[in-house]
1. Let's test the formula: R0 of 35 Å, r as the Cβ-Cβ distance of A:LYS15 and B:SER13. What FRET efficiency results, to the nearest 0.05?
2. For a paramagnetic label modelled at 7 Å from the Cα of B:ASP45 toward its Cβ, which residues of segment B:5-35 fall within the zone defined by backbone nitrogen distances under 17 Å?
3. Projected area of the protein assembly as shown, taken from the Cα convex hull and averaged over every viewing direction, in nm²?
4. Scaled to the compact-protein estimate 2.2 N^0.38 Å, what is the alpha-carbon radius of gyration of segment A:98-202, rounded to two decimal places?
5. Which Cys residues of the protein assembly as shown have no other Cys Cβ less than 4.7 Å away and so no disulfide-compatible partner by this rule?
6. So with the 1.4 Å probe, I'd like the accessible area per residue for segment A:11-90, rounded to whole Å².
7. Would you calculate the volume per residue, in Å³, of the smallest convex hull containing every Cα atom of segment A:54-96?
8. For the B and A pair, go ahead and give the buried accessible area with a 1.4 Å probe, both sides summed, in Å² to 100.
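The values are calculated or read from the model by the stated rules, or taken from the named source; none is laboratory data. Source: prediction; values computed, not measured. Reconstructed Cβ throughout: ideal geometry from the backbone, glycine too, with neighbour counts over all protein chains shown. Keep in mind that these areas ignore ligands, DNA and RNA; they rest on the heavy atoms of the full protein, side chains included. Shrake-Rupley method; radii C 1.70, N 1.55, O 1.52, S 1.80 Å.
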Amino acid sequence: MINKTTPEFSLEALKSGEPNEFARFVDTFSGPIYRMALKMLGDGQDAEDVLQNTFLNAFKHIHSFEERSSLSTWLYRIAANEALMLIRKRHPETTLTDTNLEDAEGEDYSPLQFVDWCCLPEDELLSVEARRHLDRAIQRLPEKLRIVFILRDLEGLSIEETGQALDLSQTAVKTRLLRARLNLREQLSSYYGELTHDRRDKK
Amino acid sequence: MTQTAHCKSLLESLSDYVDGTLNEDLCVELQRHISACQNCSIVVDTLRKTIYLYHATTAEPANVPLDVRERLFHSLKLEAYLQH
Ligand SMILES: [Zn+2]
């Protein structure tokens with residue numbers, strides 16, 4: 001998450017291509033951008049490609065940055081485009097088109113699992129294996145839901161900022177976010193539900 | 001173990017509810033329903049927990065591995081500023 005206390009940057013220095021200021025800019029934002037790419041793509045090499053292209057593009061286009069959004073939202077926007085482009089390149093056959101997505105959005109996403117796994121202890125909920133499962137669950141989301149969930153719930157952008165980064169209305173962001181969260185809840189219910197079951201059996 | 005029409009009609013409000021941004025009328029309606037419907041109560045609790053767990057996984061500061069940072073600075077022709 002890029003927190004609100006990130007150092008201020010001189011836009012003037014960035015726009016005039018001052019390398020010292022740009023290096024500071026890179027060091028401030030590369031962590032969150034790399035993590036976002038990693039969660040989005042699930043592959044270190046792909047994430048590194050997105051990271052490099054994001055800052056190359058930022059370098060190239062900073063002069064036209066108009067402050068309609070914050071600098072970090074602007075950067076997330078570039079990174080999101082790069083990540084989605086890479087996914088399309090890697091898997092042209094499985095990528096959802098917009099019409100497919102609308103079909104998917106029309107789908108019934110009512111909850112199917114009603115196991116209460118909340119009482120599992122924290123060290124089981126966040127064990128190394130559980131964390132791997134959490135990451136895998138994100139990878140299984142359709143990418144247009146995945147990117148919304150990552151920006152809003154992992155990177156902590158507001159609904160408005162997520163909309164700015166993805167060219168989506170706030171209503172669209174909210175709809176996709178709800179679907180993503182419910183989808184993840186189903187996936188986690190399968191996984192943690194089983195753990196809850198095992199614990200009960202042991203008692 | 002199926003959901004009623006009322007459960008389904010409240011589904012759209014769940015995100016706003018767990019984010020604390022749901023308007024008051026709907027919030028009251030939802031809370032009243034949850035206190036009487038075990039399924040929805042579990043859905044709300046586990047949904048909240050789902051978001052909490054993902055927050056927990058990103059609570060640590062995001063760092064770029066050293067070798068990745070080095071290659072990044074090279075690709076941007078900023079090698080001279082690697083020491084920072
Ligand atoms: Zn219900």
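1. Numbers: r = 44 Å, r/R0 = 1.25.
After rounding to 0.05, the efficiency reads 0.20.
2. B:18, B:31-35
3. Numbers: hull surface 69.1 nm².
The Cα convex hull of the protein assembly as shown, projected and averaged over all directions, gives 17.3 nm².
4. On the way: Rg = 15.4 Å, N = 105, 2.2 N^0.38 = 12.9 Å.
It is 1.20.
5. A:CYS118, A:CYS119, B:CYS7, B:CYS27, each lacking another Cys Cβ under 4.7 Å.
6. Details: 3450 Å² over 80 residues.
Each residue of segment A:11-90 exposes 43 Å² on average to a 1.4 Å probe.
7. Details: hull volume 3.3 nm³, N = 43.
Given the Cα convex hull of segment A:54-96, per-residue volume reads 76 Å³.
8. Numbers: alone 6970 and 11930 Å², together 14750 Å².
Accessible area lost upon association: around 4100 Å².
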